[in-house]
Amino acid sequence: MKISQKLTLSFAGIIAVILLATNVFIYYFSVSFTKESFYTRLNERALIAATEYLKRDEHTAYAIQETHKLYLQSMPGEIIKFYDSLNRPQFVDTLNKISFNPAFINDIRKKGFAKEEEPDGNQSAGIYFKDNQGNFVIIARAYDSRGNSTLQFLQRILIFVFFGGIIIVAIAGIFFVRQSLKPIAQIVKEVNKITATNLHLRVNEGNGNDEIARLAITFNNMLIRLEDSFVMQKNFVSNASHELRTPLTSILSAIEVTLSQARNNEEYIELLNGLHTEAEKMNKLITNLMNLSQAIGESETYRQTEEVRIDELLFEINREAKTNWPDIQISMDYKNLPDDASRLVVRGNRNLLYAAVYNVMENACKFTKTFVKCTLEVNNKNVQITIKDNGIGIPAADVKNILQTFYRSHNARSFPGSGIGLALAEKIISIHKGSITITSVEKEGTEVNIVLPVK
């Protein structure tokens, strides 16, 4: 069922319940008011009859009928009865054979006034009248034909209003719901036009104030992120293909040259060493690409976090860096280390954190002239890792772009590398809710600051 149909039915249902409750309320109180009004009239008729009849000396049936015609306007099925203290009928009308229940008569005598309604719709009201001739119970009985006719007419009107109101509300509801949901239909129409080839299109945001406008704005923001992701993916695939082609080309070229003629053992060994070097470059590149893809996509592997001691992580990185760069002076400086080891713990993926910090360390060792210094500082909320070198530095114009994937400064292109390391480090640190900042002066050196929140 469509939302428009649900809204229309819901709206019509609510109005139907309100109309039904209102009609029942009106009819109930109309019935109560009509009955009470008729009981009041019967009570007045009984009182008038008692006053007039009991003043006369002759109490014959003829006198009763004459008094009734003179003072009272006849009502449908009207009967007036007098009962003495022994519940015996007085001023008996020979034409009237109806008698009342003794329990009803005694109730009138006890309370002074009582009323009842019979199954056939006749209503009776009685009073207890004290006179010098004796105490009497006078009961007036009649059928309220005019009141019942009015109630039947009111019932028909209320039924007509109920069903007519539901029909009008349903028609009006359909119109207003369609008008209200028209912007959504327009958004759906515009969204259906957007495909992978035209992600630059945007949805009309309307007045920008109501809920539908906010929905359009949110959808446009999603399109912006989606377009950026497509562009990033396209560039990633293009750059990755280019970077992977370089070592593959070197390997294929070396093999072709070697196969062009017979070689001695030394030449084959030299070739294999070259192939091994290129294969290692390719393996490292593929590893970095996988880590970058994992970091960008926030894969399930990353979410499998653990407690990582940063000081121990840096110790391992320092040991590996010294092994790979024995000619570089690498020093570690631990400042203000806390006595509580838990303040050195970061929650995250250990392999990715290792890859991020090692890539920064590797860049420093690759571009430095003589030394690399790594400093660890701890405060109440964060740990800060600072890696500084005195290498070639980064041109001021390139610093803002240096964290982009595959971006390399012009002065670094003579050095081996793919431009993935810092981009990978930035993505991993960002996912761990940390930050990485780079300050550099060309030909003087670079300083990289990594800040991570403690557990």
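The values are calculated or read from the model by the stated rules, or taken from the named source; none is laboratory data. Owing to the predicted nature of the structure, the values given are computational and were not obtained by experimental measurement. Methodologically, a virtual Cβ is constructed for each residue, glycine included, from the backbone with ideal geometry; neighbour enumeration extends over all protein chains shown. Areas reflect the complete protein model, heavy atoms only, side chains present, ligands, DNA and RNA absent. Shrake-Rupley method; radii C 1.70, N 1.55, O 1.52, S 1.80 Å.
Summary table below
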read-out	value
Any strands (runs of 3 or more DSSP E) falling wholly within segment 106-200 and containing at least 1 residues that are touching a residue at least 12 places away in the same chain (Cβ under 8 Å) and polar (S, T, N, Q)	123-131, 134-142
Filter pass, Arg245 being more than 17 Å from Ile184 (Cα to Cα), open to solvent by 50 Å² or more (accessible area, probe 1.4 Å), out of contact with any strand residue (DSSP E or B) (no Cβ under 6 Å at 6 or more places or on another chain) and at pLDDT 80 or above	no
Some residue of segment 390-404 being surrounded by 17 or more Cβ atoms within 10 Å (Cβ to Cβ), touching a Leu at 6+ places or on another chain (Cβ under 9 Å), closer than 29 Å to Met290 by Cβ and modelled with pLDDT under 85	yes
Residues of segment 96-126 that turn out to be under 13 Å from Ser85 (Cα atoms) and among the aliphatic types (A, V, I, L, M), as a count	2
Cβ-Cβ under 6 Å pairs, at least 6 apart or on other chains, segment 24-44 side farther than 20 Å from Ile108 by Cβ and part of a helix (DSSP H, G or I), far side among the aliphatic types (A, V, I, L, M) and open to solvent by 30 Å² or more (accessible area, probe 1.4 Å)	Ser30/Leu154
Enumerated helices (runs of 4 or more DSSP H) restricted to segment 298-395, each holding at least 2 residues that are within 39 Å of the chain's Cα centre (by Cα)	300-303, 350-367
Subset of segment 194-208 [surrounded by fewer than 13 Cβ atoms within 10 Å (Cβ to Cβ) and within 22 Å of Ile3 (Cα to Cα)]	Asn204
Selection count where residues are part of a loop (DSSP other than H, G, I, E, B), modelled with pLDDT under 80 and crowded, with 21+ Cβ neighbours inside 10 Å, scope segment 419-455	1
The listed residue being open to solvent by 20 Å² or more (accessible area, probe 1.4 Å) and closer than 30 Å to Lys2 by Cβ, out of Phe160, Phe175, Phe113	Phe175
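Table: residues versus (1) in contact (Cβ under 8 Å) with a residue 40 or more places away in the chain; (2) in contact with a Cys (Cβ under 8 Å, 6 or more places away or on another chain); (3) aromatic (Phe, Trp, Tyr).
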site: Asp333; (1), (2), (3): yes, yes, no
site: Thr375; (1), (2), (3): yes, no, no
site: Gly393; (1), (2), (3): yes, no, no
site: Asp398; (1), (2), (3): no, no, no
site: Arg408; (1), (2), (3): no, no, no
site: Ala412; (1), (2), (3): yes, no, no
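Every residue, every condition in (1) of a type outside the set (A, V, I, L, M, F, W, C); (2) touching a His at 6+ places or on another chain (Cβ under 9 Å); (3) modelled with pLDDT of 70 or more; (4) not in a helix (DSSP H, G or I), yes or no:
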position	(1), (2), (3), (4)
Glu256	yes, no, yes, no
Gln261	yes, no, yes, yes
Leu271	no, no, yes, no
Leu275	no, no, yes, no
Met282	no, no, yes, no
Leu289	no, no, no, no
Ser293	yes, no, no, no
Ile296	no, no, no, no
